[in-house]
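In what follows, a single structure is set out as C-alpha cells and then discussed.
The values are calculated or read from the model by the stated rules, or taken from the named source; none is laboratory data. Remember, predicted model here, so these are calculated numbers, not experimental data. Backbone-built Cβ (ideal geometry, glycine too); neighbour counts: all protein chains shown.
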C-alpha cells in the first residue's frame, strides 16, 4: 500500500470552504492532502495537544467535545473540516475530535494550510456574523 494516497479534486470540491478554490489550485491542493482511515473511537485531534495538520471529513461521523464538558459540541460529517484553529492561530488544539464510525479524512500540514487554505479564511474577516 502506498504511503501517501492523495485526496481527489472531486472529494475536496464537496467541502464548502474548499469549493471556492479554482480548479487547478484545488487539484494542486488535492495532490498534497493525504487520505487517512480513522478507526471508530480514534481521535485525530486531542484538546491541548500541538496542532500540525488540517483535516477534511471524506466519510464517517466525528464528535467534537471539550475536556470536562458533558455534551458533544458538534457532529462532523462528510464535507466538514476541523483542525484549522490550531494552525491559523498557532495555539494548542481547542477541542477533541473523535470518530464515531469508521471514517476517512484528508489532511495537510501547516505549510500546505498556509499556502492554500488560510487565505480562504481571510476572505471572511470583513463579513458580518
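Suppose the filter is in contact with a strand residue (DSSP E or B) (Cβ under 9 Å, 6 or more places away or on another chain) and either without any contact (Cβ under 8 Å) to a residue 12 or more places away in the chain or within 17 Å of residue 112 (Cβ to Cβ) (or both); does residue 11 pass it? Yes: the conditions hold for residue 11.
Could you list, in sequence order, all residues of the range 89-115 that are assigned to a helix (DSSP H, G or I) and either buried (at least 17 other Cβ atoms within 10 Å of the Cβ) or modelled with pLDDT of 95 or more (or both)? Let's see the steps before the verdict.
Taking the range 89-115 first, the residues assigned to a helix (DSSP H, G or I) are 89, 110-115.
The answer is 110, 111, 112, 113, 114, 115.
So is residue 80 at pLDDT 95 or above, under 16 Å from residue 104 (Cα atoms), surrounded by fewer than 17 Cβ atoms within 10 Å (Cβ to Cβ) and in contact with a strand residue (DSSP E or B) (Cβ under 7 Å, 6 or more places away or on another chain) or not? Step through it out loud before you land on a result.
Working: at pLDDT 95 or above: yes; under 16 Å from residue 104 (Cα atoms): yes; surrounded by fewer than 17 Cβ atoms within 10 Å (Cβ to Cβ): no; in contact with a strand residue (DSSP E or B) (Cβ under 7 Å, 6 or more places away or on another chain): yes.
Taking the combined requirement at face value, the residue does not satisfy it.
I need the full set of residues from the range 53-84 which are in a loop (DSSP other than H, G, I, E, B), farther than 17 Å from residue 102 by Cβ and over 11 Å from the mean Cα position of the chain (by Cα), in order please. I'd like the intermediate steps shown before the answer.
The first filter runs over the range 53-84 and keeps only residues in a loop (DSSP other than H, G, I, E, B), leaving 60-61, 66-73, 77-80, 83.
Filter once more, so that each one left must be farther than 17 Å from residue 102 by Cβ: 66-73, 79, 83.
Within the range 53-84, 66, 67, 68, 69, 70, 71, 72, 73 qualify.
Residues that are surrounded by 13 or more Cβ atoms within 10 Å (Cβ to Cβ) and assigned to a loop (DSSP other than H, G, I, E, B) were ranked within the range 1-35; the one that is modelled with the lowest pLDDT is 5.
In this structure, residue 50 does not qualify as touching a helix residue (DSSP H, G or I) at 6+ places or on another chain (Cβ under 8 Å) and crowded, with 17+ Cβ neighbours inside 10 Å.
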